[in-house]
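Notes follow once the structure below has been shown.
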Amino acid sequence: MGRRGQEVGGEDRLTEFSSTPEIGNAMAQKQHFDLIVRNATIIDGTKAPRYRGEIGVRDGRIAEIGMLDEASADVEIDASGLVAAPGFIDAHTHDDRLLLSDRDVVPKVSQGVTTVITGNCGISLAHSPKPQGEPTPPLDLLDSEGNWFKFQSFRAYREKLEAQPPAVNAACLVGHTTFRVATMDRLDRPASDAEIRAMRDMARESLGWGAIGISTGTAYPPAACAPTEEIIEVCRPLKEFGGLYVTHMRNEDDDITRSMAETFTIGRELGAPVIISHHKCVGTRNHGRSPETLALIERRSREQQVGLDCYPYIASSTVLRYDRLEQSSRVVITWSKPYPEFSGVDLEEVAQRLNVPKSQAVEMIKPAGAIYFMLDENDVQRILKYDDTMIGSDGLPHDAKPHPRLWGTFPRVLGHYSRDLKLFPLETAVYKMTGLTAAKFGLEGRGVLKPGAHADITVFNPDTIIDAADFKNSTRPAVGIHTVIVNGLPIWRDGRPTGERPGRVLTRSAGRGPGAVNSLNVV
Ligand code: ZN
Ligand code: CU
């Protein structure tokens, strides 16, 4: 079981290699590497101050960091004037299908991302219901046709990823909402005991095959009727496998603190680390509440493991829902099945063109997606700045006119928030997208530049890096990413993908079970 993971990971080779690290300049003479990043300013992902150095890579791992003038390499990358950092880890994605349908993963790789966390907000391709007509929203965010809903187990999904690997690594969550849609005849009620047992079996299968945790999305109708007890009972196997509980909470507006309390209770009850997804205070009434929510997180963090992620924008995005309108100053349509021509158009204008009130326009153009301007810049900055906040894009890769976070999140944090607004030093910005994220998600040997670590490296220009995607031109690639390396192989150079696809399925180092035993992350 799980042998495939071992083959793809080449674990034996890597373990043997990492047990004989060659550290220090004395050894540098006559050394030969697969790849050297030369003349770099190194920001190592731990928040430590930057330093000058060169990185020697062999067999997919960082073999040495130092001055390697005497050494040679098959591939040399000149990073003069540039920063070399650990490859960025996108803490919050909906890339389950993108990894299979666009294996160069350009929206992410062009930003310097080398690992994505999939299966967020309660929805995953793994354990999807069998295709039968239009998928239940929000499952349609992954695939509006439902043609990719062909993985009725986590094992099937993982084996597909490993048989046709993408350019980036993936650490995968499975979604409670997906379990519900696959299990229940109606979703407007709590699950029965038998349904809970069926969903718990799905959870156990997934964690056993290397899923890193379970996500929930009780804010969305298919899971809104799931009581706290249902979630706890479905997620029971988390403790046994050392998995994470990751949640798009039931409420992020008026009831946000009650939802946070529910989240912490679930984590404690399960004995599982908790991650609050895309933390934000939604709606004008709740603007300015982030000091309160962050204080709550800080307090709970003393008693249990808590993490959170955030995207660097004041607009959110998901499926089109009428109840979100009153909380938004502006709504822009990202896709519509019956009216594709309205992608990128303000709802205001849609209503005018259809000559109906906005409420009716919403009903007419559904199924659809939207961007909602509903957050406060001060809250966004305060949350981004909080010590434990990781960066996650929450990008929606299949929207016709997506929220720009899909293409811009990481360069925006580095260029706009760190360099231009000086919200935090560049070292901190990098930490929030590398070392911190790897630690919170238990991805050993990732997120840091040190000998023995996996060679996931992003080389960027600190003076020019910036997001180029905005709400008008939402798919413009970011500026300033020079080279992106995954498991020792360049996947992005000269502003385009190299065609290499060395991505692996990553499992949690704290995890246990067939997937975890063959963990690709043993350092
Ligand atoms: Zn979400
Ligand atoms: Cu999400």
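The values are calculated or read from the model by the stated rules, or taken from the named source; none is laboratory data. These numbers come from a predicted model, not from an experiment. So basically every Cβ, Gly included, is an ideal-geometry build from the backbone, and we count neighbours across all protein chains shown.
Summary table below
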{"read-out": "Residues located in segment 406-422, provided they are over 30 Å from L142 (Cα atoms) and among the small types (G, A, S)", "value": "S418"}
{"read-out": "Within segment 213-257, considering residues that are of a type in the set (S, T, Y) and part of a loop (DSSP other than H, G, I, E, B), the one nearest to ligand 1 (Cβ to nearest atom)", "value": "Y220"}
{"read-out": "Candidates T334, T293 - the one that is crowded, with 16+ Cβ neighbours inside 10 Å, β-branched (V, I, T) and within 16 Å of ligand 2 (Cβ to nearest atom)", "value": "T334"}
{"read-out": "Inter-residue pairs, beta-carbon under 6 Å, first farther than 11 Å from V484 by Cβ and aliphatic (A, V, I, L, M) and in segment 103-124, second within 16 Å of ligand 1 (Cβ to nearest atom) and part of a strand (DSSP E or B), 6+ apart", "value": "V116/D90; I123/G175"}
{"read-out": "Criterion violated by M260 - all others in (1) more than 16 Å from ligand 1 (Cβ to nearest atom); (2) assigned to a helix (DSSP H, G or I); (3) over 24 Å from T183 (Cβ atoms) satisfied", "value": "(1)"}
{"read-out": "Any chance H454 is away from ligand 2 (no atom under 16 Å from the Cβ), surrounded by 24 or more Cβ atoms within 10 Å (Cβ to Cβ) and farther than 22 Å from F373 by Cα", "value": "yes"}
{"read-out": "Matching residues, segment 418-435, being touching a Leu at 6+ places or on another chain (Cβ under 8 Å) and within 13 Å of P462 (Cβ to Cβ)", "value": "S418, R419, L426, A429, V430"}
{"read-out": "In segment 223-241, residue nearest to ligand 2 (Cβ to nearest atom) [restricted to those that are under 20 Å from P135 (Cβ atoms) and surrounded by 24 or more Cβ atoms within 10 Å (Cβ to Cβ)]", "value": "A223"}
{"read-out": "Which listed residue is surrounded by fewer than 24 Cβ atoms within 10 Å (Cβ to Cβ), at negative phi and either within 16 Å of ligand 1 (Cβ to nearest atom) or touching a residue at least 24 places away in the same chain (Cβ under 8 Å) (or both), from D188, D201", "value": "D188"}
{"read-out": "Some residue of segment 204-218 being of a type outside the set (S, T, N, Q), surrounded by 18 or more Cβ atoms within 10 Å (Cβ to Cβ), more than 22 Å from the chain's Cα centre (by Cα) and within 24 Å of V319 (Cα to Cα)", "value": "no"}
{"read-out": "Segment 81-128: number of residues that are touching a Pro at 6+ places or on another chain (Cβ under 7 Å), assigned to a loop (DSSP other than H, G, I, E, B), away from ligand 1 (no atom under 16 Å from the Cβ) and at negative phi", "value": "4"}
{"read-out": "Scope segment 242-269; condition surrounded by 22 or more Cβ atoms within 10 Å (Cβ to Cβ), away from ligand 2 (no atom under 16 Å from the Cβ) and of a type in the set (A, V, I, L, M); matching residues", "value": "I256, M260"}
{"read-out": "Residue ID - nearest to I275 (Cα to Cα), chosen from residues in segment 161-182 that are touching a Ser or Thr at 6+ places or on another chain (Cβ under 7 Å) and among the hydrophobic types (A, V, I, L, M, F, W, C)", "value": "L173"}
{"read-out": "Enumeration of residues in segment 249-267 that are out of contact with any Phe, Trp or Tyr (no Cβ under 7 Å at 6 or more places or on another chain) and closer than 18 Å to S301 by Cα", "value": "M249, I256, T257, R258, S259, M260, A261, E262, T263, F264, T265"}
{"read-out": "I89 being within 15 Å of ligand 2 (Cβ to nearest atom) and β-branched (V, I, T)", "value": "no"}
{"read-out": "So R300, is it over 22 Å from the mean Cα position of the chain (by Cα), within 16 Å of ligand 1 (Cβ to nearest atom) and surrounded by 13 or more Cβ atoms within 10 Å (Cβ to Cβ)", "value": "no"}
{"read-out": "Only one of S316, S418 that is part of a helix (DSSP H, G or I) and polar (S, T, N, Q)", "value": "S418"}
{"read-out": "Residue that is farther than 18 Å from T177 by Cα, more than 16 Å from ligand 2 (Cβ to nearest atom), modelled with pLDDT of 95 or more and out of contact with any Phe, Trp or Tyr (no Cβ under 7 Å at 6 or more places or on another chain), where the choices are G81, G112", "value": "G81"}
{"read-out": "Conditions (1) in the same structural domain as R419 (by TED's automatic domain parsing); (2) more than 30 Å from D467 (Cβ to Cβ); (3) not aromatic (F, W, Y): number failed by P338", "value": "(1)"}
{"read-out": "Qualifying residue in segment 275-290 (condition: assigned to a strand (DSSP E or B), within 16 Å of ligand 2 (Cβ to nearest atom) and either buried (at least 22 other Cβ atoms within 10 Å of the Cβ) or outside the structural domain of L406 (by TED's automatic domain parsing) (or both))", "value": "yes"}
{"read-out": "Filtered residues of segment 39-76 (kept if surrounded by 16 or more Cβ atoms within 10 Å (Cβ to Cβ), of a type in the set (G, A, S) and assigned to a loop (DSSP other than H, G, I, E, B))", "value": "G45, G60, A71"}
